[in-house]
1. Could you calculate the contour length gain from C:Glu306 to C:Ala91, that is, 0.36 nm times the residue separation minus the distance between their Cα atoms, to one decimal place in nm?
2. Write out the GluC sites (Glu not before Pro) in the stretch A:12-121 meeting two conditions: DSSP loop, and at most 16 other Cβ atoms within 10 Å of their Cβ.
3. Based on other C-beta atoms within 10 Å, arrange B:His135, A:His175 from fewest to most.
4. Please list the three semi-axes, largest first and in whole Å, of the ellipsoid equivalent to the stretch B:136-289, using sqrt of 5 times the eigenvalues of its alpha carbon gyration tensor.
5. How would you classify the stretch A:26-72 from its alpha-carbon gyration tensor, with a ≥ b ≥ c the square roots of the eigenvalues: rounded for a/c under 1.5, else prolate if a/b is greater than b/c, otherwise oblate?
6. Suppose each label sits 7 Å from its Cα in the direction of the beta carbon; what would the A:Lys205-C:Glu190 distance come out to in nanometres?
7. Restricting things to alpha carbons, tell me how big the stretch C:200-239 is in terms of Rg and Dmax, in Å.
8. Need one value for C:65-76: mean number of C-beta atoms belonging to other chains within 10 Å of its residues' C-beta atoms.
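Every number in this text was worked out from the coordinates using simple rules, so none of it is lab data. Computed from a predicted structure; not experimentally measured. Don't worry about glycine lacking a Cβ; one is built from the backbone with ideal geometry, like all the others, and counts go over all protein chains shown.
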Amino acid sequence: MNEFYQKDIISIKDFSKDQLEKIFESTDKIISLNPIDRREICKGKTLGYLFYEPSTRTRLSFEAAMASIGGNSLGISDITSSSTQKGESLADTVRIISIYSDAMVLRHPLDGSSRFAAEVSDKPVINAGSGTEEHPTQAIQDLYTIKKEKRKIDGLKIGIVGDLKYGRTVYSLLHGLGNYDVDVRLISPESLRIRSDSTYEIKKKLDYTESTNIEDHIDDLDVLYVTRIQKERFPDEEEYLKVKGSYVVGLDLLQQMKDDSIILHPLPRIDEISTDIDKTKNAKYFQQAEYGKYTRAALLGLTLNENGF
Amino acid sequence: MNEFYQKDIISIKDFSKDQLEKIFESTDKIISLNPIDRREICKGKTLGYLFYEPSTRTRLSFEAAMASIGGNSLGISDITSSSTQKGESLADTVRIISIYSDAMVLRHPLDGSSRFAAEVSDKPVINAGSGTEEHPTQAIQDLYTIKKEKRKIDGLKIGIVGDLKYGRTVYSLLHGLGNYDVDVRLISPESLRIRSDSTYEIKKKLDYTESTNIEDHIDDLDVLYVTRIQKERFPDEEEYLKVKGSYVVGLDLLQQMKDDSIILHPLPRIDEISTDIDKTKNAKYFQQAEYGKYTRAALLGLTLNENGF
Amino acid sequence: MNEFYQKDIISIKDFSKDQLEKIFESTDKIISLNPIDRREICKGKTLGYLFYEPSTRTRLSFEAAMASIGGNSLGISDITSSSTQKGESLADTVRIISIYSDAMVLRHPLDGSSRFAAEVSDKPVINAGSGTEEHPTQAIQDLYTIKKEKRKIDGLKIGIVGDLKYGRTVYSLLHGLGNYDVDVRLISPESLRIRSDSTYEIKKKLDYTESTNIEDHIDDLDVLYVTRIQKERFPDEEEYLKVKGSYVVGLDLLQQMKDDSIILHPLPRIDEISTDIDKTKNAKYFQQAEYGKYTRAALLGLTLNENGF
């Protein structure tokens, strides 16, 4: 029996390095299979989804993943148009979706929602983003992309730039990177530094520096992970405009980077990476989106097949 | 040829006891099949849906049912975002959905809408709730649950509690129960009693008593069917608050019930059944939801296969 | 290799008569196949859709087409509820959908959007309506319907009536008809005549007359193609009411038509064709909708199979 069978996927913190490597191997296998064999993996199985925050991107990634391995998807993509408007509890809605599916994907604004859902569901629950910190499948996608494009994770110098305070992606990625021996530089405006209440645990596993200046690090990085700076996070617009420009990745910045460095982004991108970058060999964010489909297919394949695939 | 082949499912009144029993047998068969064989039943067939009232719950039940027997679903889950906003008639929309599918599911606020749709559609139409009285697949689901959990329907004492005036579920269930020899007790606030204009026909087939006090019946019931009391049904809030508490099913009430009694609910539940009840052996409402998937799968399998399955 | 393999479908102007005839032959084949063999054509393939204007009708036609040939569909049916609200560019959204699918369908209000999308996508892009003039799959559906119902296109007298100024359907149809030797009569209120800036190219290929009076042509036509006159197109309501009645096709008008003439409409229809017409042998608009499913299935089958089907 494979160790992921019927297991929930709630937090990246629950995964050991060894487990991550196994998922990466399964992802390699997914990619190497021809489409016809791939579709046998979850043939006739159903993925349920339940989104309390709309996220077309994440939902489609799971749907495409499930389709690629032969399964189908159904669920609630926007809870505001559903029966829960009538006041149904999360627990009841989760139970219903679990009746209609073999595994379920949940996105919810509250911390702990996925773990709670996993307790009431008798089908495996996959956290597609919850609260302020957890987005485990995004972290797995990000780690896989680094590994695939740099051939390793250990030993890399990784810059993470943008809004580090908000956005669960960064927290999940840092926890995931905690399994590896990496040199991480967090680069953000003062007001968007990583939350100190969240770093205690991360610091036990990971060394990182913090700074506000991307230029200080740019020539040294193997991986530049860019995130969006959202206007609505700033108390006044002036402060937003002040920092906005300084973190835009353009050709000028790219020229200072190592030749074999890679640029990642969880997408959607607004203007924090110039479109000039898109066709350079360093731009890997669309590749990252494609890997996201395959890492999710691997996770679903492992979760739903007793003997793996 | 099976008698349900290509037949519309418009009203529970159209089904004889014998027909209901045949559907229950087919549902038993659906449940007993392994998932792989089950998926052959409607392999490659398409269910169209057309919802003039949003009902995520019912739509997902049909979608999950169709997926479990190998078919797929497409349609309009919320008519307000569709071409009918441009003023297209129900008849035309029904014709189009019927072109795109092998059978169609319709939910519509008006009485008679499904029968009308069946006339213009050249594919079978399944009523997923229309007007004030009809929700035949819910009634079949409810009857099947009773039969399965109590091993019979004849001879049972069945309490139906809550808002009996509004909500098509109760009317359909009563018509369905009219095929059996049961002792029905309707329990509701005065202002939410079953509509007298709807009971004429029911009374011809079914004996029932009406009362306002659940305590008078609770120790005698084999089945307690609970429905939601919707705040918006009351002209003023005070009257709502007055009756609200008296119909909440909690552990205290359960203790007065027979040991082998069962509690049902069409869901979604708000607070009319305490969550304390959920883990008791008497709570069968989630089981009921699961049976709903299989009764619908059986109905679709019979409707779409000349020789049954 | 079939010439349509991996090709974008952007404009009806890109199709030669010979190519149209090949698509018609493939559609004939789709129709002649039994459903089980038909479903092998795109088994396990995924169609992505991306709608910047809602169009339930067109989306469902593609979904039903894809389902009929064994594929599945996923995407964004209403961009307003998606990540692009966060400001993502069309190019990025197209790239993502193309990662998740084998071919993609795009509807967008701007001229040139599909051609742009085809440039950034590495999967084939099918234009499901863009700007003021392009709706190539609708034109192919319309031409196929004429050919199928009249056994030919060359030599026919075709009246196109209604709002010819707005609505991309008419422009695409005229470009398509430009490949044939037909006698076209455009009939519309003065204020809704075809746009002169769009007719230059059409005139090079197609002879047509323009008039305001449907009665002048009605007894002569082989095909009457009716389009909706939208109230919102008129600067004041009085002018709308003035012209509205004169283009309603009813039994009185039908009686003046040739016995074997056919009436088409891209649907949805409001009241420009009386429902009295629906059951006459001349009414072919629902047939046209069904052919739309099969022409799209043929296009998808050709686009996604190197050696055709």
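1. Taking 0.36 nm per residue and subtracting the Cα distance, the gain is 74.7 nm.
2. Hits after loop and neighbour filter: A:Glu40.
3. Taking fewest neighbouring Cβ atoms as first place, the list is A:His175, B:His135.
4. Taking √(5λ) for each eigenvalue gives 21, 20, 14 Å, largest first.
5. Details: a/c = 3.20, a/b = 1.85, b/c = 1.73.
Verdict is prolate for the stretch A:26-72.
6. Distance between the two pseudo-spin positions: 7.7 nm.
7. Just the Cα atoms of the stretch C:200-239 yield Rg and Dmax of 14.1, 37 Å.
8. 4
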